[in-house]
1. When segment B:165-182 is examined, which residues are found to be in contact (Cβ under 8 Å) with a residue 40 or more places away in the chain, surrounded by 19 or more Cβ atoms within 10 Å (Cβ to Cβ) and either out of contact with any helix residue (DSSP H, G or I) (no Cβ under 8 Å at 6 or more places or on another chain) or not in a helix (DSSP H, G or I) (or both)?
2. Name the residue that is farthest from the other protein chains (Cβ to nearest Cβ), counting only residues in segment B:306-324 that are among the small types (Gly, Ala, Ser) and touching an Asp or Glu at 6+ places or on another chain (Cβ under 8 Å).
3. Would a scan of segment A:242-250 turn up a residue that is buried (at least 22 other Cβ atoms within 10 Å of the Cβ) and modelled with pLDDT under 95?
4. Residues B:272, B:261: which one is outside any helix (DSSP H, G or I), open to solvent by 10 Å² or more (accessible area, probe 1.4 Å) and not hydrophobic (A, V, I, L, M, F, W, C)?
5. Quick one: count up the residues across segment B:141-162 that are under 26 Å from residue B:101 (Cα atoms) and either away from chain A (no Cβ under 14 Å) or open to solvent by less than 10 Å² (accessible area, probe 1.4 Å) (or both).
6. Select from segment A:164-194 the residues that are assigned to a helix (DSSP H, G or I) and away from chain B (no Cβ under 13 Å) and list them in ascending order.
7. Can you pull out the residues in segment B:104-127 that are touching a residue at least 12 places away in the same chain (Cβ under 8 Å) and either acidic (Asp, Glu) or surrounded by fewer than 24 Cβ atoms within 10 Å (Cβ to Cβ) (or both)?
8. Answer with yes or no whether residue A:56 is in contact (Cβ under 8 Å) with a residue 60 or more places away in the chain, within 13 Å of another protein chain (Cβ to nearest Cβ) and open to solvent by less than 10 Å² (accessible area, probe 1.4 Å).
Amino acid sequence: MSRLDEAFADGPAFVPYLALGDPDLESSLEYVKALERGGADVIELGLAFSEPIAEGPTIQSAVVRSLEGGMTPTKFLDAVEDLDVDVPLVCMTYYNLIYQFGEEAGPRPFVERAAEVGLSGFVVPDLPAEESGPLREACDEFGLDLIFIVAPTTRGERLERLMDQTSGYVYVQARLGVTGAKADVSDQTGESLDRLSEWDVPKAVGFGISSGEQAREVVAAGADGVIVGSALVDIVAEGTSAASRTQSGDVAEGHENGDSTEEVAARLEEKARELKEGALAGAQARTRPERT
Amino acid sequence: MSSNTNENPSKFGDYGGQYVPEALMPAIEELDDAFRRYVLENEGGFVDEFRERIRDFGGRPTPLQYAEQLSARYDTDVYLKREDLLHGGAHKLNNALGQVLLAKYMGKERIVAETGAGQHGTATAMAAAHLDMPCVVYMGRRDINRQRPNVFRMRLNGAEVEPVTAGRGTLKEAISEAMRDWATTVENTHYVIGSVVGPHPFPTMVREFQSVISEEARRQMREQAGGLPDSVVACAGGGSNTMGAFAEFVSDEDVSLFAVEAGGSSLEVDEETGVAPNSASLSTGTEGVLHGARTRLLQDGDGQIVESHSISSGLDYAGVGPELAHLVDEGRVTPVTVDDDAALAGFHRLSQEEGIIPALETAHAVAWLEDATSDQLGDSVVVCVSGRGDKDLESVIEETEKRDIENAPDMDVFSASGAGGSE
């Protein structure tokens, strides 16, 4: 059983996302710890890529802040190595960064280093099953999970191909489009979960979930976990702009004085707790009749 | 449609492939199937309808013109393939009309596109109006400012132009934004990619629609000059006019193929700012994955895509078509570069010597003749005039004023002080 399987073993998992290095490395490490305190079971850490084609405006902005703060794949991996948290960590990034890392062409050097620093797996939004062979092979070699996204448009043969490939958990995309918080959780979620009912890998639903109530609904609908990104990144963004207002535009200094980072971390912890509790309530409320 | 008919590989050597979010994969599979059936096998008479429309609406075939002054200047027979005379003023209509028509055959209800210089956006807006499809075009904020006439033309044809402010606000960001739109609306929308880039089958499909350029040029050379040219020269940004001009000559091994890239202000990358002041991804780029395909890219050592630059917004892109990258690796296509200053001089030269005001993209191809050796060009050369220059006049005035271009008109007449009033 991989660390990710274990994380889903005891009831519904809360899987938050943050871009590491947003708005600077030190602050974001504090934010990750706050998410753990708030009840995260797995944390997805975004490694910023310059062309995040699957992301909506909220996470695009986080990526820009992270890159402007000097984030690189090497800094990312070193930071994960030093990060003192117990929950399993998943790297979410785009394929070109994985492919270019190290001297040898291909994904192996990145995966090897990821295993060394203690990462548990990858989510790579621009890598469909068709192109994932070399990364899958490297992940198998070093014992990491490769998590695939199942979209509302994924059907038939594609679904089977993904079922063969995915490990750790499957990322169920709740609605079409790009990442971003939405007021309503799509009714596509239940439909998507139904299509995956035969899969024996944990199903974590993401895209658009922003409140404890939505987390409850999604888990009540049958999800094994909820993935939340933009709603948390929004909290970081608000904290960052507040800091820049008090420090006349200098974001980094605003965070060096400590107050803002602590305040943002406290808000993240609180939001995480709300989402985790929502997920737990969803499990209790799961009153779906047994299928006959 | 071309001699490559029924060839539809998803990869060109190691290049190409499909690196896109899962949500788009079913649409890409559907497109691949539709491309195979309608375009490669002429199901439902698609190819016949395309050829009829590109003739009657588009104005094909375009002339292959013997350029007397340039021929004398370079001591070789120079022929100009006049894609600037295609409806809309650029080769872009070949692909835009093909894809919008295909979308129609597929039962799609909406078109999205992205554009750099605005030529592809204009062509798509025209094709969409012609075929009665709603159309949204994503365009970088910076390019909107550089290309106002084309923005207005798109609006005239009923398209919505969505400004993209991310990054430097150029083509790279517009492509990302169009992909995001497509990921949201994929069930009823077709994304008309503007060049031989993106996930399979786009590079093959766009090349197929553009190969009409070399199909005609090859036939016209036989009729007008009695044989094939010794060389073909085309500018290369994403590479659609390049692949269009080369496609039918690729198997003619005696014909040399030159892809002229934008050398910008320098071929060196500014590591500190993360900017390549050029768009020469074939000449200076390295292998990587961007916008759905493995190809040659302008990127830093970590794999972050660097900002590109060219005086021509149509060439200002950090990637290039995977097939072109492969043909360069194979040694079949030779990449060369022309910098901003030389491209401007080329712009003025073609305008003065032949009475053709070219797009700044085309000006790069024309300008390279100045650097080429007679061995490279041979006794006859076909230059692809990819588009006309009306859209670039504002940029050309501004950029020419900044420089000392010996063959430029007297720029004092145009400057605020020289105009002496505003009547």
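1. Filtering segment B:165-182 for residues in contact (Cβ under 8 Å) with a residue 40 or more places away in the chain gives B:167-168, B:170-172, B:174-179, B:181-182.
Remaining after also requiring surrounded by 19 or more Cβ atoms within 10 Å (Cβ to Cβ): B:167, B:170-172, B:174-179, B:181-182.
Residues satisfying the conditions are B:167, B:170, B:172, B:175, B:176, B:177, B:178, B:181.
2. Of the residues in segment B:306-324, the ones among the small types (Gly, Ala, Ser) are B:308, B:310, B:312-314, B:318-319, B:321.
Those left that are additionally touching an Asp or Glu at 6+ places or on another chain (Cβ under 8 Å): B:308, B:310, B:312-314, B:318.
Details: B:308: 12, B:310: 19, B:312: 22, B:313: 18, B:314: 20, B:318: 9 Å.
Checking each candidate, the answer is B:312.
3. Within segment A:242-250, the first condition is being buried (at least 22 other Cβ atoms within 10 Å of the Cβ), and the residues that meet it are A:243.
Still in the running and modelled with pLDDT under 95: A:243.
Within segment A:242-250, one or more residues are buried (at least 22 other Cβ atoms within 10 Å of the Cβ) and modelled with pLDDT under 95.
4. B:272
5. Residues of segment B:141-162 under 26 Å from residue B:101 (Cα atoms): B:149-162.
Now restrict to residues that are either away from chain A (no Cβ under 14 Å) or open to solvent by less than 10 Å² (accessible area, probe 1.4 Å) (or both): B:149-161.
The qualifying residues number 13.
6. Scanning segment A:164-194 gives A:164, A:189, A:190, A:191, A:193, A:194.
7. Our first condition is that a residue be touching a residue at least 12 places away in the same chain (Cβ under 8 Å); within segment B:104-127, this holds for B:104-106, B:108-127.
Within segment B:104-127, B:104, B:105, B:106, B:108, B:109, B:110, B:114 meet the criteria.
8. Working: in contact (Cβ under 8 Å) with a residue 60 or more places away in the chain: yes; within 13 Å of another protein chain (Cβ to nearest Cβ): yes; open to solvent by less than 10 Å² (accessible area, probe 1.4 Å): yes.
Considered against the rule, which asks whether it is in contact (Cβ under 8 Å) with a residue 60 or more places away in the chain, within 13 Å of another protein chain (Cβ to nearest Cβ) and open to solvent by less than 10 Å² (accessible area, probe 1.4 Å), residue A:56 comes out as yes.
The values are calculated or read from the model by the stated rules, or taken from the named source; none is laboratory data. The model shown is predicted, which means the values in this text are computed figures rather than measured ones. When we count neighbours, we look across all protein chains shown, and the Cβ atoms used for this are built from the backbone with ideal geometry, even at glycine. We work out accessible area using only protein heavy atoms, side chains counted, and drop any ligands, DNA or RNA first. Shrake-Rupley method; radii C 1.70, N 1.55, O 1.52, S 1.80 Å.
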